[in-house]
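Engineer: Sharing a structure here in structure tokens format.
The values are calculated or read from the model by the stated rules, or taken from the named source; none is laboratory data. A quick note: this is a predicted structure, and the numbers were derived from the prediction, not measured. Cβ atoms come from the backbone with ideal geometry, glycine included; neighbour counts cover every protein chain shown. With ligands, DNA and RNA removed, areas are computed over all heavy atoms of the protein, side chains included. Shrake-Rupley method; radii C 1.70, N 1.55, O 1.52, S 1.80 Å.
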Amino acid sequence: DIACGGYHSLALKTDGTLLATGYNDSGQLGAEDNNNRNTYVQVQTGVSDIACGGYHSLALKTDGTLWATGRNDYGQLGTGDNTDRNTFVQVETGVSAIACGGWHSLALKTDGTLWATGYNYYGQLGTGNNTDRNIFVQVQTGVSAIACGAEYSLALKTDGTLWVAGRNNYGQLGTGNYTNRNTYVQVQTGVGAIVGGVYHSLTLKTDGILWVTGYNNYGQLGTGDNNNRNTYVQVQTGVSDIAGG
């Protein structure tokens, strides 16, 4: 597996070792210092999944423990404080999936509960308010998959419904308007996979149809124009997988 942050990169090897390289001003590489690297260095073992924020990193271990490192000014590490870390520290247990926004983090637990921490100015944590958190708090139940944009969050429930929260300045939530949300709202049904870009979103429905919404200045939605969308529109059929940046 691989993941990219603002200016750093993570690589997860088949044997569960985690390698990191790049910018390290806040300790986001987890290399026990704040020195930049221009070659990959091993920083963790026993890892099954990885995620990068703008300046922080998350590592999910095979035993379900969640480890975090890097910038923590908004509490995005979930350590209960706002102190940066330059080595991975354990912050949660019983986790099955992870996702990072620019300055916030999501953790999906094995019981289907969704937990969130970090920057919440636009309501991206989905807590019902706009207060930052420095420890993971539960925000949803019945969730099967998660994804983050820069300042918004996506939650796919086990019944195939898609729920969203956070910044919506370009219509990336797909709610039909440009209003930010600080609590999760349902926007789609029949969804099988989700991806959050910086300010645009992709959903793959179970029938293989690809739907998109959000920022489209560079044609990233694939709609044949450069107009932003604030509701999901169909752009492709026969799709088996999706990815986004």
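Engineer: With the checklist (1) under 20 Å from Ala97 (Cβ atoms); (2) part of a strand (DSSP E or B); (3) of a type outside the set (Phe, Trp, Tyr) in hand, flag the one item Gly30 doesn't pass.
Structural biologist: Among (1) under 20 Å from Ala97 (Cβ atoms); (2) part of a strand (DSSP E or B); (3) of a type outside the set (Phe, Trp, Tyr), Gly30 violates only (2).
Engineer: Conditions first: (1) of a type outside the set (Lys, Arg); (2) open to solvent by 20 Å² or more (accessible area, probe 1.4 Å); (3) under 25 Å from Ala68 (Cα atoms); (4) not in a strand (DSSP E or B). Gln124 passes all but one, so which condition is the exception?
Structural biologist: (2)
Engineer: Can you pull out the residues in region 165-197 that are in a loop (DSSP other than H, G, I, E, B) and open to solvent by 10 Å² or more (accessible area, probe 1.4 Å)?
Structural biologist: Arg167, Asn169, Tyr170, Gly176, Asn177, Tyr178, Thr179, Asn180, Thr189, Gly190
Engineer: Here's a follow-up. When you scan region 127-159, how many residues do you find that are within 14 Å of Gln76 (Cα to Cα) and open to solvent by 30 Å² or more (accessible area, probe 1.4 Å)?
Structural biologist: 6
Engineer: Restricting the search to region 198-211, which residues are more than 14 Å from Asp241 (Cβ to Cβ), surrounded by fewer than 20 Cβ atoms within 10 Å (Cβ to Cβ) and not charged (D, E, K, R)?
Structural biologist: If the condition is that a residue be more than 14 Å from Asp241 (Cβ to Cβ), surrounded by fewer than 20 Cβ atoms within 10 Å (Cβ to Cβ) and not charged (D, E, K, R), then Val198 is the only one that fits.
Engineer: Looking only at residues in region 25-74 that are buried (at least 21 other Cβ atoms within 10 Å of the Cβ) and aromatic (Phe, Trp, Tyr), which one is nearest to Thr93 (Cα to Cα)?
Structural biologist: Result: Trp67.
Engineer: Same structure again: Taking Lys13, is it over 20 Å from the mean Cα position of the chain (by Cα), closer than 28 Å to Gly112 by Cα and basic (Lys, Arg)?
Structural biologist: yes
Engineer: Somewhere in region 84-106, is a residue closer than 23 Å to Gly196 by Cα and out of contact with any strand residue (DSSP E or B) (no Cβ under 6 Å at 6 or more places or on another chain)?
Structural biologist: Checked region 84-106: at least one residue is closer than 23 Å to Gly196 by Cα and out of contact with any strand residue (DSSP E or B) (no Cβ under 6 Å at 6 or more places or on another chain).
Engineer: Which one of Ala99, Ala68, Ala107 is in contact with a His (Cβ under 7 Å, 6 or more places away or on another chain) and not in a loop (DSSP other than H, G, I, E, B)?
Structural biologist: Ala68
Engineer: Across region 232-243, what is the total count of residues that are open to solvent by 70 Å² or more (accessible area, probe 1.4 Å) and without any contact (Cβ under 8 Å) to a residue 40 or more places away in the chain?
Structural biologist: Result for region 232-243: 5.
Engineer: If you check Ala107 against the conditions, is it closer than 11 Å to Phe136 by Cα and of a type in the set (A, V, I, L, M)?
Structural biologist: Yes.
Engineer: Out of (1) under 18 Å from Glu151 (Cα atoms); (2) modelled with pLDDT of 95 or more, what's the single condition that is false for Gly6?
Structural biologist: (2)
Engineer: So which of Leu114, Leu162 is at pLDDT 95 or above, crowded, with 24+ Cβ neighbours inside 10 Å and over 14 Å from the mean Cα position of the chain (by Cα)?
Structural biologist: Leu162
Engineer: Any residue in region 220-231 that is open to solvent by less than 20 Å² (accessible area, probe 1.4 Å), within 24 Å of Leu114 (Cα to Cα) and modelled with pLDDT of 95 or more?
Structural biologist: Within region 220-231, none of the residues are open to solvent by less than 20 Å² (accessible area, probe 1.4 Å), within 24 Å of Leu114 (Cα to Cα) and modelled with pLDDT of 95 or more.
Engineer: Continuing with the same structure: Residue by residue through region 75-93, note down the ones that are closer than 14 Å to Val137 by Cα, open to solvent by 10 Å² or more (accessible area, probe 1.4 Å) and not acidic (Asp, Glu).
Structural biologist: Thr79, Gly80, Val91, Thr93
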